[in-house]
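Here's the structure we're looking at; comments come further down.
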Amino acid sequence: MEGKKTREEVEKSGMIDTWMRKHRLIYSGATKHPFILSIRDGTVDLEAFKTWLGQDYIFVRAFAPFVASVLIKAWKESDDSSDMEVILSGMASLNDEIAWFKSEAAKWGVQLSEVVPQKANQDYCRFLESLMSPDVEYTVAITAFWAIEAVYQASFALCLEDGSKTPAELTETCRRWGNDGFGQYCNSLQKIANRRLGKTPDDVLTKAEVTLLRVLEHEVEFWNMSHGSA
Ligand SMILES: Cc1ncc(CNC=O)c(N)n1
């Protein structure tokens with residue numbers, strides 16, 4: 001058993017790494033979900049993929065205002081002006097992403113205007129909306145933001161690794177979130193989160209940890225919509 005780390009020890013390595021180790025089971029539940037593993041081993045049900053595509057389009061439309069709310073918090077609360085550029089670059093890629101969802105849906109014959117958000121998606125979007133409140137600290141919001149992006153990055157990067165049998169028609173999707181540039185962007189978000197978490201009061205630290213766990217749970221439920229495990 002590992003002994004409890006002092007606050008000082010944790011700050012050196014970064015709180016995010018500490019939490020990832022502490023919560024590795026739920027983290028890998030979100031990043032190595034059966035749906036992702038089915039893409040990686042080439043057995044994915046294409047209907048499940050289409051379900052994911054339509055649901056994720058709805059999610060991303062709700063995610064954009066969440067990112068905007070993080071930008072506002074950074075502008076008001078951040079101690080480092082470069083945070084804004086990182087967040088803004090994330091917002092800019094969402095513009096591109098929404099266009100990509102539309103063309104990808106057309107390719108697969110998914111009618112986006114007819115997609116009805118499933119319960120897990122609604123719950124996740126409602127959770128995002130709760131994080132948009134001005135009462136939610138920047139540190140808590142940026143931790144959630146990092147986690148949301150990092151889960152997709154880790155999941156889709158897995159489908160691009162050597163030896164993976166991802167179907168050719170899905171590699172572009174996997175590259176969207178699994179590419180190195182997106183990985184760098186996630187690292188930048190992680191650095192911001194670590195910096196903030198390293199100097200936040202204990203009550204906010206606890207809130208951030210709970211929020212991180214909620215994100216991971218929502219991500220698992222989100223994948224479950226396409227790959228039912230109920
Ligand atoms: C459910 C979910 N989680 C994370 C992402 C990745 N962020 C923006 O695209 C996403 N698209 N969908």
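Overview of values
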| item | result |
| --- | --- |
| Selection from region 171-197 of residues that are in contact with a helix residue (DSSP H, G or I) (Cβ under 6 Å, 6 or more places away or on another chain) and more than 16 Å from residue 67 (Cα to Cα) | 174, 177, 178, 183, 194, 196, 197 |
| Any hit, region 215-230, residues being surrounded by fewer than 17 Cβ atoms within 10 Å (Cβ to Cβ), in contact (Cβ under 8 Å) with a residue 40 or more places away in the chain and away from the ligand (no atom under 13 Å from the Cβ) | yes |
| Residue satisfying all of: in region 38-74; under 22 Å from residue 172 (Cα atoms) and basic (Lys, Arg); surrounded by the most Cβ atoms within 10 Å (Cβ to Cβ) among these | 40 |
| Members of region 47-74 found to be in contact with a helix residue (DSSP H, G or I) (Cβ under 8 Å, 6 or more places away or on another chain), more than 17 Å from residue 144 (Cα to Cα) and not basic (Lys, Arg), listed by number | 48, 49, 51, 52, 53, 54, 55, 56, 57, 58 |
| Those residues of region 135-162 which are more than 14 Å from the ligand (Cβ to nearest atom) and touching a helix residue (DSSP H, G or I) at 6+ places or on another chain (Cβ under 9 Å), in sequence order | 136, 137, 138, 139, 140, 141, 142, 143, 158, 159, 160, 161 |
| Check on residue 104, in contact with a Leu (Cβ under 9 Å, 6 or more places away or on another chain) and at pLDDT below 95 | no |
| Meets criteria (modelled with pLDDT of 95 or more and away from the ligand (no atom under 16 Å from the Cβ)) for residue 82 | yes |
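This table checks each residue for (1) over 16 Å from residue 149 (Cα atoms); (2) modelled with pLDDT under 95; (3) in contact with an Asp or Glu (Cβ under 8 Å, 6 or more places away or on another chain).
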| position | (1), (2), (3) |
| --- | --- |
| 174 | no, no, no |
| 187 | no, no, no |
| 191 | no, no, no |
| 195 | yes, no, yes |
| 211 | no, no, no |
| 219 | no, no, no |
| 224 | yes, no, no |
| 229 | yes, yes, no |
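The values are calculated or read from the model by the stated rules, or taken from the named source; none is laboratory data. Values in this document were obtained by computation on a predicted structure and should not be read as measured data. FYI the Cβ positions are ideal-geometry reconstructions off the backbone, even for glycines, and counts take in every protein chain you see.
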